[in-house]
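Participant: Could you have a look at this structure, given as structure tokens, before my questions?
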Amino acid sequence: MGFGCPAILSQELSEQTKSYITTVVADADMVPRMSAETIGNVMLDIMEYDWSPMVKRDIEDALQEVKKGVGFLFQDKEIKSADKPRIMQTFVDKAVEKYVKPGIRKESYRRLDTVLHPPGSCVHFYRDGVGISGSYVPCGFFNEIDVARTMVDDHLSSGYRKIFLEVMRSFLKNDHFSFDEKAPK
């Protein structure tokens, strides 16, 4: 049994090891998903991601906050409203179009097929919005990097500990369960 095993086997070889190897993967753990192909694919995804709408929203939010603190600097008519763009937002929109948009690659690159997979039977524990769920998944399930704020932490022993602590608390129906407690005799 392995926890967070790297992608080291071809799909065929991984399938052949199912009877004696089980790989456990915690949520967005990046290591079982990491290979040259998946790293290249995620780099392309990042380069092609159009984040300009978030830039515009963030600048508008920042202008609203500045207005709250020092409202005398500009009036409502200078900030974007729901019905029409305003002076500052028009300036921001033009700057984003001129300086940000040209740096975003057009979706034109073909993605690479994943060659390496984690070994054996794969059990995936994941956050489902309420708690932790788990299921057996094919080794090919981990054929792309799941970009998430927990992707590094999920690979660390503390990440696996958090996942299994939540599983045990749910299983035992005891929100105060701890692995540090001594087992009853």
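Participant: Name the long-range amide H neighbours of Phe3: under 5 Å, sequence gap of 5 or more, or other chain; modelled H, no Pro or chain starts.
Facilitator: Val24
Participant: Right, here's the next one. Over 27 Å between Cα atoms, which of Lys67/Lys106; Lys18/Lys173; Lys68/Lys94 qualify?
Facilitator: From Lys67/Lys106; Lys18/Lys173; Lys68/Lys94, over 27 Å: Lys67/Lys106; Lys18/Lys173.
Participant: For the pair Met1/Met168, report the inter-label distance in nm, with labels modelled 7 Å from Cα in the Cβ direction.
Facilitator: Between Met1 and Met168, the label points sit 1.2 nm apart.
Participant: Okay, moving on. Which three extents, in angstrom, do the Cα atoms of the chain have along their principal axes, listed largest first?
Facilitator: Taking max minus min along each principal axis of the Cα atoms, the chain gives 70, 48, 24 Å.
Participant: Could you tell me what percent of the DSSP beta bridges with both partners in the chain are antiparallel, to the nearest 5?
Facilitator: Of all bridge pairs located within the chain, approximately 50 percent are antiparallel.
Participant: Can you give the helix-only mean residue ellipticity at 222 nm for the chain, where every DSSP H stretch with n ≥ 4 adds -39500 (n - 2.57) and the sum goes over all residues, rounded to the nearest 500 deg cm²/dmol?
Facilitator: -10500 deg cm²/dmol, from helical runs alone.
Participant: Using unit Cβ charges (K, R positive; D, E negative) and no other charged atoms, how large, in debye to the nearest 20, is the dipole of the chain about its Cα centre?
Facilitator: 420 debye
All of the numbers you see were taken from the coordinates with simple rules; none came from a lab. A quick note: this is a predicted structure, and the numbers were derived from the prediction, not measured. We place every Cβ from the backbone using ideal geometry, glycine too, and count neighbours over all the protein chains shown.
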